[in-house]
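The block underneath contains the structure these notes are about, expressed in structure tokens.
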């Protein structure tokens, strides 16, 4: 899974911890700010996929979502591709091996959306065959596009203005 984690200054993180301990209202404000921020990045990620014409089959597009969860005394927003093995390959580039091709096709078959005429069904049949993919980031740029707004949302929530 590709993901982006946002961390701030120590004082902001300490204020978040204080709010979580002392105030249910503060926790709700932070949750709402995280959810808004995560939704912004998720939407921009999907827009980036469409713009780069990477949403051909819909598997990658449909796997992009966000989740907010507790981790110790903090809340964490995870945005990324959940369950698509080739998402990281698109985001970061790298070698596409026959083993990865088989795993990808198995996940497609298990999803019930397998088409035996799908053009990628016989990708890399030779075990020595490796294909090099250039990075085509979609998640990182989505975060970068909204970074200023995300910081504003989180600061307002931490300072009690949200």
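Somewhere in the stretch 69-76, is a residue touching a helix residue (DSSP H, G or I) at 6+ places or on another chain (Cβ under 8 Å), under 21 Å from residue 146 (Cα atoms) and surrounded by 17 or more Cβ atoms within 10 Å (Cβ to Cβ)?
Yes, that holds for at least one residue.
Out of the residues in the stretch 55-68 that are part of a helix (DSSP H, G or I) and more than 11 Å from the chain's Cα centre (by Cα), state the one that is surrounded by the fewest Cβ atoms within 10 Å (Cβ to Cβ). Can you show your working first?
Taking the stretch 55-68 and keeping what is part of a helix (DSSP H, G or I), we get 59-63.
The next check asks that each one be more than 11 Å from the chain's Cα centre (by Cα); those that pass are 59, 62.
Details: 59: 19, 62: 16.
Here the answer is 62.
Would you tally the residues in the stretch 74-126 being farther than 19 Å from residue 139 by Cβ, assigned to a helix (DSSP H, G or I) and modelled with pLDDT of 80 or more?
Count: 0.
Being surrounded by 13 or more Cβ atoms within 10 Å (Cβ to Cβ) and modelled with pLDDT of 95 or more narrows it down to one residue among 133, 138, 145; which is it? Spell out how you get there, then give the answer.
Numbers: 133 fails: modelled with pLDDT of 95 or more; 138 fails: modelled with pLDDT of 95 or more.
Sole residue among the options that is surrounded by 13 or more Cβ atoms within 10 Å (Cβ to Cβ) and modelled with pLDDT of 95 or more: 145.
Quick one: in the stretch 27-54, of everything that is modelled with pLDDT under 90 and in contact with a helix residue (DSSP H, G or I) (Cβ under 7 Å, 6 or more places away or on another chain), which residue is surrounded by the most Cβ atoms within 10 Å (Cβ to Cβ)?
Among those residues, the one meeting the criterion is 30.
The values are calculated or read from the model by the stated rules, or taken from the named source; none is laboratory data. Model, not experiment: these values are computed from the prediction. For neighbour counting, all protein chains shown are included, and Cβ atoms are generated from backbone atoms with ideal geometry for every residue, glycine included.
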